[in-house]
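So the structure is just underneath, and the comments pick up after that.
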Amino acid sequence: MIEGVVPAVLPALIVGVEASTNASWMPVLGFALAAGVVSAGATVAVERFGGRVGGILGTVPTTIMPATMGLFATHPMDADGTSSEGFLRAVAVVPAGMINAAFLASWRVLPRWLHADDSRTTLWRCVAASLLVWALLSLAWVVGMNALEPSVEALLAIGGGTLLTTATLGIVLCRHGVPAPKGTNHVTWPVLVARGVAAGGAIAVALVIARGGHAIAGGMAVTVPAIFLTTIVGTWLAQGREVPVGAVGPMVLGSCAVGSYAMLSGLLYPRLGLVLGTPACWVLAVGCVSVPAGLWLRAHRMRTDHE
């Protein structure tokens, strides 16, 4: 059934992406909607399957698919059939999601450092502190990139390096992990919708800022960890502290699939086109990152339980 759905849906998506480049608000609304759906789905995955499995499922490549499709549609290939420099530059910086990995990792220690008698007070303290961590790192990244103006080759090397660093951080967090239980409280549809609206609204605001032409503010805005933040806050409020904090390590590890998808798109889109390149990138990213990460987490949990 999947084989029949993909060829039917992708051409429509491609046409929609190409058409939306002429409509200033359609990309913003489209990505905001996608972010809302992904955020709600990620929280459900963490709550139903626990932090280990849910953290991996909640970070498989999703919103990166229409994002890279849009970038490819707006950056035509060079005459020799290779990716344009603009497209390669854009996808090479995606693995700089190491910034968001640091944001996630901060949630492993902040609840202990900022503990309050009331759980919600602890939560909001951690929200403020983790966003400060993200803002400082994002500002440093954007200012550094604007100052250095690295070549495409350097950006690709930086992208590969940050991808490996993120994977290493995820492994460390998972090896020295904390309990990652499943949620026990029933979550209603209005709550899920509210989570999706919050994530979608945050992404929409970020994209509007990014489209405003302010380089530093725009560069910071597009890296805002809206989906990660709404996932953590939503599951904390519904299930308590242990569920989202236990998912931090698997989410960091699983997020490597997104960076891998972006890097693969720079290689495969020009050769296969969007119709074949999109599913190829997704299968490779999930098969080479998400699945092995999930299997390793399962083996590590079984070995830990045995010990």
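Would you point out the residue of segment 258-278, among those that are hydrophobic (A, V, I, L, M, F, W, C) and surrounded by fewer than 24 Cβ atoms within 10 Å (Cβ to Cβ), that is farthest from Leu123 (Cα to Cα)?
Top of the filtered list is Leu272.
Given (1) at pLDDT 70 or above; (2) assigned to a helix (DSSP H, G or I), where does Ala199 come up short, assuming only one miss?
Only one criterion is unmet by Ala199, namely (1).
Report yes if some residue within segment 270-279 is polar (S, T, N, Q) and at pLDDT below 90; otherwise report no.
Scanning segment 270-279, I find no residue that is polar (S, T, N, Q) and at pLDDT below 90, so the answer is no.
Tally up the residues in segment 75-86 that are at pLDDT 70 or above and either over 18 Å from Leu156 (Cα atoms) or in a helix (DSSP H, G or I) (or both), please.
2
State the number of residues belonging to segment 140-152 that are surrounded by 15 or more Cβ atoms within 10 Å (Cβ to Cβ) and either at pLDDT 85 or above or in contact with a Gly (Cβ under 9 Å, 6 or more places away or on another chain) (or both). Walk me through how you get there before you give the answer.
Quick first cut of segment 140-152, residues surrounded by 15 or more Cβ atoms within 10 Å (Cβ to Cβ) only: 141-142, 145, 150, 152.
Subset that is either at pLDDT 85 or above or in contact with a Gly (Cβ under 9 Å, 6 or more places away or on another chain) (or both): 141-142, 145.
The total comes to 3.
Among helices (runs of 4 or more DSSP H) lying entirely in segment 226-277, which contain 2 or more residues that are farther than 21 Å from Ile64 by Cα?
Numbers: elements: 226-239, 242-246, 248-254.
Counting at least 2 such residues, we get 226-239, 242-246.
Just to be sure I understand the filter: pairs with C-beta atoms under 7 Å, separated by 6 or more residues or on different chains, first member in segment 133-146 and in contact (Cβ under 8 Å) with a residue 12 or more places away in the chain, second member outside any helix (DSSP H, G or I). Which pairs pass?
Trp134/Pro225; Ser138/Thr223
Return a yes/no flag: does segment 123-137 have any residue that is farther than 18 Å from Thr230 by Cβ, modelled with pLDDT under 90, surrounded by 14 or more Cβ atoms within 10 Å (Cβ to Cβ) and not basic (Lys, Arg).
The answer is yes; a qualifying residue exists.
So Leu71 fits all but one of (1) at pLDDT below 75; (2) surrounded by fewer than 19 Cβ atoms within 10 Å (Cβ to Cβ); what number is the exception?
Checking Leu71 against (1) at pLDDT below 75; (2) surrounded by fewer than 19 Cβ atoms within 10 Å (Cβ to Cβ), the one that fails is (2).
In segment 56-70, which residues are of a type in the set (S, T, N, Q) and part of a loop (DSSP other than H, G, I, E, B)? Reasoning before the result, please.
Of all residues in segment 56-70, those of a type in the set (S, T, N, Q) come to 59, 62-63, 68.
Hits for segment 56-70 are Thr59, Thr62, Thr63.
The values are calculated or read from the model by the stated rules, or taken from the named source; none is laboratory data. Predicted model, so just to flag it, every value in this text is computed and none were measured. Methodologically, a virtual Cβ is constructed for each residue, glycine included, from the backbone with ideal geometry; neighbour enumeration extends over all protein chains shown.
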